[in-house]
Amino acid sequence: MNRIRFVLAAFVTVLGLICGAATAHGAVMISDDFNRTALGPSWTTHGGGTLYIDNGRLSAVGTPSEPVSFAFHTTPADSAAQEVSATVHWNGRNPGHSAMSVALRADPDSHHAGVHFWFTANLMGIAMLDWNGTTFTPAAGTAAYTSNPWKWPDGTRITLRASGNTYTAYVSTMPWMPVLQGSFTSTQVPHTNMYGGVHGQDDSAVSGGGEPPADLGGWRFTSS
């Protein structure tokens, strides 16, 4: 009986350490629920248009197709191991070409727009976007455009994680496995880049561009 109690106590201790580590790793460092009327000084914007808040969500509706529009939070991460996520709100739209994204390992001061997990209703990708907002480079090991087998439900959370030179994308409808994984060298994306953000583009004014992009809510940026 004493041996069983000892084993159980040891198991509980280890479990507590694991849970504690998981809590520390997943602790929210920066969050924004966009529950106001303007982005304000916590964000800097750049690109062809200005991302804005619409009914408590970040929107790119009405921004140019190119150059795309960026927003970066002004609070840096404290390490190169970073994670960024947000909630997708379609608002009844089915964007075929108009994309939104979450981004990490950006550095606006050096004009590096970071690595983005971007999506439309039926496409997605992990890409490095250039500061001019006109060129994107897909992560090695990923296609430039990956088809979604189905449109994610409204309220789906998307997540991008950076560990070393590996970038992994998840969606909350299937959290047990990545939907995309690829890499960039540290020369392409320096590990000293410490900022998270988003990008958006509205292709609806372009011939064949389809409907405006989804909105984003519940933006989170963490590091460990």
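The values are calculated or read from the model by the stated rules, or taken from the named source; none is laboratory data. Source: prediction; values computed, not measured. Note that each Cβ is placed from the backbone with ideal geometry, even for glycine, and that neighbours are counted across all protein chains shown. Calculation scope for accessible area: heavy atoms of the full protein, side chains included, ligands and nucleic acids excluded. Shrake-Rupley method; radii C 1.70, N 1.55, O 1.52, S 1.80 Å.
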Exposed chymotrypsin sites (Phe, Trp or Tyr not before Pro) being those in a DSSP loop with at most 15 other Cβ atoms within 10 Å, the longest stretch of the chain free of them is 1-144
When the chain is treated as a Gaussian network with springs between alpha carbons less than 10 Å apart, the largest mean-square fluctuation among Pro67, Pro153, Pro76 is found at Pro153
Rounded to the nearest 10, the angle in degrees between the Cα long axis of helix 2-26 and the longest principal axis of the Cα atoms of the chain comes to 20 degrees
If one builds a Gaussian network model of the chain from Cα atoms under 10 Å apart, the most fluctuating residue listed among Val102, Val179, Val171 is Val179
The alpha-carbon pair-distance distribution computed for the range 29-159, with 5 angstrom bins and whole-percent values, is 2, 10, 19, 25, 23, 15, 5, 1
Computed from the beta carbon distance with a Förster radius of 35 Å, FRET efficiency for Gln188 and Thr37 to the nearest 0.05 stands at 0.40
Connecting every pair of Cα atoms under 10 Å apart in the chain and solving the GNM, the largest mean-square fluctuation among Leu51, Leu104, Leu123 falls on Leu123
Quick calc, the chain, dipole around Cα centre from Cβ unit charges on Lys, Arg (+) and Asp, Glu (-), nearest 20 debye, gives 900 debye
Rounded to a whole %, the carbon-and-sulfur portion of the accessible area of the chain at a 1.4 Å probe is 58 percent
Relative contact order of the range 106-147 (C-alpha contacts under 8 Å, at least 6 apart) in percent is 30 percent
Projected onto their principal axes, the Cα atoms of the range 172-222 stretch, largest extent first, over whole-Å spans of 38, 30, 22
In the chain, taking the dipole from +1 charges on Lys and Arg beta carbons and -1 charges on Asp and Glu beta carbons about the Cα centre, the listed residue (Ser42, His73, Val179) farthest towards the positive end is Val179
In this structure, the FRET efficiency calculated for Thr74 and Thr135 from their beta-carbon separation, with R0 = 35 Å, to the nearest 0.05, is 0.90
Computed over the Cα atoms of the chain, the Rg and Dmax in Å are 18.8, 75
